[in-house]
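As structure tokens, the structure follows; a few thoughts come after it.
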Amino acid sequence: MTSKDLDTPASPVAQVSLEVRDKIAHITFDHVAARNAMTVGMYESLKSICLDLAKNPNIRVAIFRGAGGKSFVSGSDIAQFSSFKDGEDGVRYEEAIHDYLNPLAMLPIPTIAVIDGMAVGGGLAIATCCDFRISTPDAKFGVPIARTLGNCLYPGNIAWLVAHLNMNIVRRMLLLAEMIPAKELQTQGYLLATYEADQLGKEADALAQRLAKLAPITQKASKLAMARIITSQLPDCKDLIRETYGSNDFKNGVAAFLKGEPPIWTGK
């Protein structure tokens with residue numbers, strides 16, 4: 001892990017960095033050249049950071065933000081999918097994503113996602129794992145995989161989205177590949193508030209200070225109880241994941257995405 005201030009220039013290396021100031025952890029997704037798309041190494045760093053934070057009694061709140069001012073996280077690095085051979089690769093990948101994000105969802109301290117620009121795919125999952133979300137008014141949110149790659153999500157990921165966004169909005173994201181604007185998600189309650197970009201950092205710090213003044217054990221018990229409710233009795237959907245990632249549509253979708261061409265779906 002490395003430390004850097006949110007206001008310093010973005011690193012050319014894809015990384016997740018950590019800085020602690022006044023008992024507040026600031027975690028930054030820094031892969032600006034790809035709109036902060038998550039590489040495997042970045043996911044591993046996120047997991048490691050969250051596991052360390054969970055063991056540190058001096059940290060009261062964690063704030064997550066994307067570098068560069070144009071994107072929170074734009075999803076996962078698509079190039080890695082080129083090496084997938086069959087549906088089992090997809091099952092392993094989705095289980096790995098769940099394993100990477102679970103320490104974030106289960107952090108015993110309050111968490112804040114600060115979204116400047118977009119939160120797409122894995123970025124939406126990361127933001128949804130946080131307890132509170134604030135964004136710029138022009139931010140957009142979605143999982144447009146029915147239009148882009150032709151893959152699917154782990155059931156735990158879908159359960160988390162449904163719990164925070166409601167089933168109808170998740171259907172629009174997954175089946176219609178809609179990107180939902182911040183205004184609608186603020187009205188729905190997914191976003192706590194929206195602010196202009198130059199106010200986001202200040203408002204995130206104010207929210208963190210407000211949270212840090214409250215009873216930490218109560219906060220821990222409350223958020224982890226809610227997390228356990230969301231993730232209890234998850235179904236086994238490996239057959240669906242295996243079919244999707246093993247399809248020609250997925251292979252064609254990845255190839256078309258990397259070429260910058262529109263995919264042609266055949267249903268096979």
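All of the numbers you see were taken from the coordinates with simple rules; none came from a lab. Quantities reported herein were computed from a predicted structural model and do not represent experimental measurements. Please note: Cβ atoms are built from the backbone with ideal geometry, for glycine as well, and neighbour counts cover all protein chains shown.
Taking the Cα centre as origin and putting +1 on Lys and Arg beta-carbons and -1 on Asp and Glu beta-carbons, what dipole magnitude results for the range 49-202, to the nearest 20 debye?
Working: 13 positive and 15 negative charges, 69 e Å.
In total the dipole reaches around 340 debye.
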Notebook entry, point to check: Taking H as built 1.01 Å from N, whose amide H comes closer than 5 Å to the amide H of Ile115, not counting residues under 5 places away?
Noted result: Ile134, Ser135, Thr136
Notebook entry, point to check: How high is the relative contact order of the chain, in percent, counting Cα pairs under 8 Å that sit 6 or more residues apart?
Noted result: 19
Item checked: DSSP beta bridge pairing in the chain, given as percent antiparallel to the nearest 5 -> 30
Next item on the list: Report the net charge of residues surrounding Gln188, where surrounding means a beta-carbon distance below 13 angstrom and charges are Lys +1, Arg +1, Asp -1, Glu -1.
Entry: +2
Next item on the list: Using θ = phi - 60° and the Karplus relation 6.51 cos²θ - 1.76 cosθ + 1.60, list the HN-Hα couplings for the range 120-134 in order, rounded to whole Hz, with x at every Gly or Pro.
Entry: 10, x, x, x, 5, 4, 5, 4, 6, 5, 7, 7, 9, 9, 10
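Please give the charge dipole size of the chain, origin at the Cα centre, charges +1 on K and R Cβ atoms and -1 on D and E Cβ atoms. Round to the nearest 20 debye. Kindly include the intermediate steps, with their values, before the conclusion.
Numbers: 28 positive and 28 negative charges, 97 e Å.
Taking the Cα centre of the chain as origin, the dipole is about 460 debye.
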Check: Once the dipole of the range 1-151 is set up with Lys and Arg at +1 and Asp and Glu at -1 on Cβ about the Cα centre, which of Ser74, Ile59, Met42 lies farthest towards its positive end?
Finding: Ile59
Item checked: Sorted peptide list for 214-226, 18-30, criterion being average Cβ within 10 angstrom, highest first -> 18-30, 214-226
Checklist line | Given charges at beta-carbon only (K, R positive; D, E negative), |dipole| of the range 57-145 in Debye | finding: 420
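Hey, what number do you get for the chain at 222 nm if only DSSP H runs of n ≥ 4 count, each worth -39500 (n - 2.57), divided across all residues, to the nearest 500?
Working: 10 runs with 121 residues, N = 268.
Calculated at 222 nm, the ellipticity per residue is -14000 deg cm²/dmol.
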Check: Where a Cα-Cα gap under 20 Å defines reach, which lysines qualify for Lys47, not counting those fewer than 8 residues away within the same chain?
Finding: Lys4, Lys23, Lys55, Lys220, Lys223
Next item on the list: Enter the angle in degrees (range 0 to 90, nearest 10) between the Cα long axis of helix 248-259 and the first principal axis of the Cα atoms of the chain, meaning the one along which they spread out most.
Entry: 60
Item checked: On Cα atoms only, tilt of 87-105 relative to the major axis of the chain in degrees -> 10
Check: In the range 83-152, which trypsin sites (Lys or Arg not before Pro) are in a loop and have at most 10 other Cβ atoms within 10 Å, using DSSP for the loop call?
Finding: Lys85
Item checked: Loop-located GluC sites (Glu not before Pro) in the range 194-267 whose Cβ has at most 12 other Cβ within 10 Å (DSSP) -> Glu196
Notebook entry, point to check: For the Cα atoms of the chain, what angle does the longest principal axis make with the long axis of helix 216-231, in degrees from 0 to 90, nearest 10?
Noted result: 10
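Of Asp249, Asp52, how do they rank once you tally other Cβ atoms within 10 Å and put the fewest first?
Values: Asp249 18, Asp52 14.
Ordered from fewest to most neighbouring Cβ atoms within 10 Å, Asp249, Asp52 come out as Asp52, Asp249.
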Checklist line | Long pairs among Lys140/Lys251; Lys85/Lys238; Lys70/Lys268, criterion Cα-Cα beyond 25 Å | finding: Lys140/Lys251; Lys70/Lys268
Next item on the list: Hey, can you grab everything whose amide H is under 5 Å from the amide H of Arg21? Only 5+ residues off in sequence or another chain; H modelled, so Pro and N-termini drop out.
Entry: His26
Margin query: How large is log10 of I(q)/I(0) for the chain at q = 0.08, 0.10, 0.17 Å⁻¹ when the intensity is taken from the Debye formula with one equal scatterer per alpha-carbon?
Written below: -0.30, -0.48, -1.45
